Amino acid sequence: MQSIKKNLFEFFGLSESYDLDIEKLSERYHELQKEFHPDKNFSETEAEKMRSVQLASFANEAYETLRSPLKRAAYILTIRGYDAELVDQSDLGMDLLIEQMRLRETLEDLPKDESAFPDLEKLKKEVKEKLRAKQSNFASDAREENFVNAKKTFHELQFLYKLMHEIEENEELRLDY
């Protein structure tokens with residue numbers, strides 16, 4: 001039976017890259033779930049059944065990590081020896097802080113009713129474009145093994161993902177979800 005490997009990319013048989021083929025990841029995930037499903041291993045010993053459960057659980061967690069662009073970026077930084085959660089002042093440039101304030105103020109200043117939808121959609125589009133650009137920057141930095149820049153970009157991605165979540169929450173509030 002396959003052992004749990006520490007590197008999630010290896011576990012799925014994928015090359016270590018931010019530019020991950022999500023379809024291939026999903027296919028491999030489903031193959032592993034079938035392989036480790038406890039029902040498939042019903043005639044095994046208790047220890048082997050437990051190992052199957054552990055592997056299935058590990059596959060679930062690994063899949064969720066690699067499927068998420070933000071979690072995948074953090075994971076890549078971590079396996080390269082960088083603490084993704086530790087934020088140094090040098091990781092946050094003044095431009096980023098000013099942009100954060102501008103975008104947050106734009107969101108906060110919107111009307112609290114349905115009339116805000118066009119502006120919310122415009123803001124959402126702007127943030128999506130910024131996300132795509134930052135993801136591309138992270139991928140490039142990771143390929144070039146420039147993890148100092150990649151870490152800075154990761155913190156920008158964190159901000160943008162959080163802002164996107166807040167925009168979506170604002171949409172839901174206005175729709176009375």
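The values are calculated or read from the model by the stated rules, or taken from the named source; none is laboratory data. Just so it is clear, the model here is predicted, and its values are computed rather than measured. Backbone-built Cβ (ideal geometry, glycine too); neighbour counts: all protein chains shown. These accessible areas exclude ligands, DNA and RNA; they are computed on the full protein's heavy atoms, side chains included. Shrake-Rupley method; radii C 1.70, N 1.55, O 1.52, S 1.80 Å.
Observations, loosely collected:
- Where a residue in region 24-49 is at negative phi and its partner, wherever it lies, is of a type in the set (Lys, Arg) and modelled with pLDDT of 80 or more, with Cβ under 9 Å and at least six apart: Leu25/Arg67; Ser26/Arg67; Tyr29/Arg67; Phe36/Arg51; Lys40/Lys34; Asn41/Arg51; Glu44/Arg51
- Region 38-65: number of residues that are open to solvent by less than 60 Å² (accessible area, probe 1.4 Å) and of a type in the set (Val, Ile, Thr): 1
- Per this entry, Arg174 is not counted among residues that are touching a residue at least 24 places away in the same chain (Cβ under 8 Å), closer than 26 Å to Ala74 by Cβ and either of a type outside the set (Val, Ile, Thr) or surrounded by 14 or more Cβ atoms within 10 Å (Cβ to Cβ) (or both).
- Across region 159-169, the number of residues qualifying as open to solvent by 30 Å² or more (accessible area, probe 1.4 Å) and more than 14 Å from the chain's Cα centre (by Cα) comes to 3.
- Within region 136-177, the set of residues being of a type in the set (S, T, N, Q) and over 15 Å from Ala84 (Cα atoms) comprises Ser136, Asn137, Ser140, Asn170.
- Test: residue in region 55-72 that is touching a helix residue (DSSP H, G or I) at 6+ places or on another chain (Cβ under 7 Å), farther than 24 Å from Glu156 by Cα and modelled with pLDDT under 90: yes
- Highlighted here are the helices (runs of 4 or more DSSP H) found entirely within region 66-158 that include at least 2 residues which are surrounded by fewer than 17 Cβ atoms within 10 Å (Cβ to Cβ) and of a type in the set (Gly, Ala, Ser): 117-143.
- Selected residue (criterion: surrounded by the fewest Cβ atoms within 10 Å (Cβ to Cβ)) from residues of region 4-37 that are in a loop (DSSP other than H, G, I, E, B) and hydrophobic (A, V, I, L, M, F, W, C): Ile4
- Yes/no for Ala62 being assigned to a helix (DSSP H, G or I) and of a type in the set (A, V, I, L, M, F, W, C): yes
- Screening Gln54 on (1) closer than 20 Å to Leu160 by Cβ; (2) in contact (Cβ under 8 Å) with a residue 12 or more places away in the chain; (3) more than 19 Å from the chain's Cα centre (by Cα) shows it passes everything except condition (1).
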